[in-house]
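**Q** There's a structure below that I have some questions on.
The values are calculated or read from the model by the stated rules, or taken from the named source; none is laboratory data. This one's a predicted model, so the numbers in the text were calculated from it and none came from an experiment. Note: ideal-geometry Cβ built from the backbone for every residue, glycine included; neighbour counts use all protein chains shown.
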Amino acid sequence: QQQVKQSPQSLIVQKGGISIINCAYENTAFDYFPWYQQFPGKGPALLIAIRPDVSEKKEGRFTISFNKSAKQFSLHIMDSQPGDSATYFCAASRDTDKLIFGTGTRLQVFP
Amino acid sequence: DTEVTQTPKHLVMGMTNKKSLKCEQHMGHRAMYWYKQKAKKPPELMFVYSYEKLSINESVPSRFSPECPNSSLLNLHLHALQPEDSALYLCASSQERTLPLHFGNGTRLTVT
């Protein structure tokens, strides 16, 4: 019940394309769903986060889509750039409980 | 640059050594965390301090000993580590155990 399943494991996208990463959870008590971006040799950095009272949140080229009934959420990166090449982790949490991370997606954007 | 500072960036230690990892934040956060991250894996929670008191220990072996001297500082004391303890050790902080978490860039630890 505490798992967050993330797919795909790796993703190759051409510059200008759309990158889509999906996550699914089981615990309906989760109420906070962040996405973290991690570059090699760096710590994870919060990219964007959503609460279940909205179905979509957009920040620049990054959008989270949230489907409460399906218990799924996804990250869309529009106009993907080589600088977006990184590992992306979805996560979920309930209030102050610990953050449960997905397994990560390695994104490579080729020019 | 991250607002959570970790030192050293890299550390190589033998199995009989004693070393410490340090973490500092000046965002006024009252919760601080240690995570361990192996290559190509997500971060794994080790310890949580809230208001300078240990609130979560995720069954971490006693060869890892955390310390929170004050609300801005967090240490992780290492003793008699094993090669499998080699990993990236990440510190994070948050406002009173509410999210989001702010991570440092980690200490890359190699145990020989």
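**Q** Could you check how many residues of segment B:77-112 are away from chain A (no Cβ under 14 Å), among the hydrophobic types (A, V, I, L, M, F, W, C) and touching a helix residue (DSSP H, G or I) at 6+ places or on another chain (Cβ under 9 Å)?
**A** Of the residues in that region, 2 qualify.
**Q** I would also like to ask the following. Considering only residues of segment B:54-67 that are modelled with pLDDT of 95 or more and charged (D, E, K, R), which is nearest to residue B:21 (Cα to Cα)?
**A** B:67
**Q** Right, something else. Here are some conditions: (1) modelled with pLDDT under 95; (2) within 14 Å of chain A (Cβ to nearest Cβ). Residue B:23 meets all but one. Which one does it not meet?
**A** Every listed condition holds for residue B:23 apart from (1).
**Q** Which residue, of A:65, A:80, is more than 14 Å from every other protein chain (Cβ to nearest Cβ) and in a strand (DSSP E or B)?
**A** Being more than 14 Å from every other protein chain (Cβ to nearest Cβ) and in a strand (DSSP E or B) holds for just one of A:65, A:80, which is A:65.
**Q** Is it the case that some residue within segment A:11-30 is under 12 Å from the mean Cα position of the chain (by Cα), assigned to a strand (DSSP E or B), in contact (Cβ under 8 Å) with a residue 40 or more places away in the chain and facing another protein chain (nearest Cβ under 10 Å)?
**A** no
**Q** Can you tell me which residues in segment A:43-54 are at pLDDT 95 or above and of a type outside the set (A, V, I, L, M)?
**A** A:43, A:44
**Q** Here's another thing I want to ask about it. For segment A:51-71, does any single residue satisfy the condition of being touching a Pro at 6+ places or on another chain (Cβ under 7 Å) and among the small types (Gly, Ala, Ser)? Steps first, answer last, please.
**A** Taking segment A:51-71 as the starting set, the residues that turn out to be touching a Pro at 6+ places or on another chain (Cβ under 7 Å) are A:66, A:68.
Among the residues that remain, those that are also among the small types (Gly, Ala, Ser) are: none.
Taking every residue of segment A:51-71 in turn, none turns out to be touching a Pro at 6+ places or on another chain (Cβ under 7 Å) and among the small types (Gly, Ala, Ser).
**Q** Among the residues that make up segment A:42-50, is at least one of them within 22 Å of residue B:87 (Cα to Cα), out of contact with any strand residue (DSSP E or B) (no Cβ under 8 Å at 6 or more places or on another chain), free of Cβ contacts under 8 Å to residues at least 12 places away in the same chain and at the interface with chain B (Cβ under 10 Å from one of its Cβ atoms)?
**A** So in segment A:42-50, the residues within 22 Å of residue B:87 (Cα to Cα) come out as A:42-46.
Filter again for out of contact with any strand residue (DSSP E or B) (no Cβ under 8 Å at 6 or more places or on another chain), leaving A:42.
Subset that is free of Cβ contacts under 8 Å to residues at least 12 places away in the same chain: A:42.
From the residues that got through so far, the ones that are at the interface with chain B (Cβ under 10 Å from one of its Cβ atoms) too are A:42.
Taking every residue of segment A:42-50 in turn, at least one turns out to be within 22 Å of residue B:87 (Cα to Cα), out of contact with any strand residue (DSSP E or B) (no Cβ under 8 Å at 6 or more places or on another chain), free of Cβ contacts under 8 Å to residues at least 12 places away in the same chain and at the interface with chain B (Cβ under 10 Å from one of its Cβ atoms).
**Q** Of all residues in segment A:85-97 being more than 17 Å from residue A:7 (Cα to Cα) and buried (at least 16 other Cβ atoms within 10 Å of the Cβ), which is modelled with the lowest pLDDT?
**A** The qualifying residue modelled with the lowest pLDDT is A:97.
**Q** Scanning segment A:60-82 for residues that are without any contact (Cβ under 8 Å) to a residue 12 or more places away in the chain and farther than 18 Å from residue A:7 by Cα, which turns out surrounded by the fewest Cβ atoms within 10 Å (Cβ to Cβ)?
**A** A:69
**Q** Among the residues of segment A:83-110, write down those that are assigned to a strand (DSSP E or B), of a type in the set (S, T, N, Q), in contact (Cβ under 8 Å) with a residue 60 or more places away in the chain and within 19 Å of residue B:45 (Cβ to Cβ). Full working, then the answer.
**A** Residues of segment A:83-110 that are assigned to a strand (DSSP E or B), as a first pass: A:86-93, A:100-101, A:105-110.
Restricting the remaining residues to those that are of a type in the set (S, T, N, Q) gives A:87, A:93, A:105, A:108.
When the remaining residues are screened for being in contact (Cβ under 8 Å) with a residue 60 or more places away in the chain, the result is A:93, A:105, A:108.
A:93, the sole residue that qualifies.
**Q** Residues that are exposed (fewer than 14 other Cβ atoms within 10 Å of the Cβ): list the strands (runs of 3 or more DSSP E) wholly contained in segment B:8-62 that include at least 2 such residues.
**A** The qualifying strands (runs of 3 or more DSSP E) are B:10-13, B:53-57.
**Q** Out of B:65, B:71, I need the residue that is farther than 22 Å from residue A:32 by Cβ and without any contact (Cβ under 8 Å) to a residue 40 or more places away in the chain. Which one? Before you say what the answer is, go through the steps one by one.
**A** Working: B:71 fails: without any contact (Cβ under 8 Å) to a residue 40 or more places away in the chain.
Result of the check over B:65, B:71: B:65.
**Q** (1) more than 13 Å from every other protein chain (Cβ to nearest Cβ); (2) closer than 19 Å to residue A:36 by Cβ; (3) of a type in the set (Ser, Thr, Tyr): which one isn't true of residue B:35, the others all being true?
**A** Checking residue B:35 against (1) more than 13 Å from every other protein chain (Cβ to nearest Cβ); (2) closer than 19 Å to residue A:36 by Cβ; (3) of a type in the set (Ser, Thr, Tyr), the one that fails is (1).
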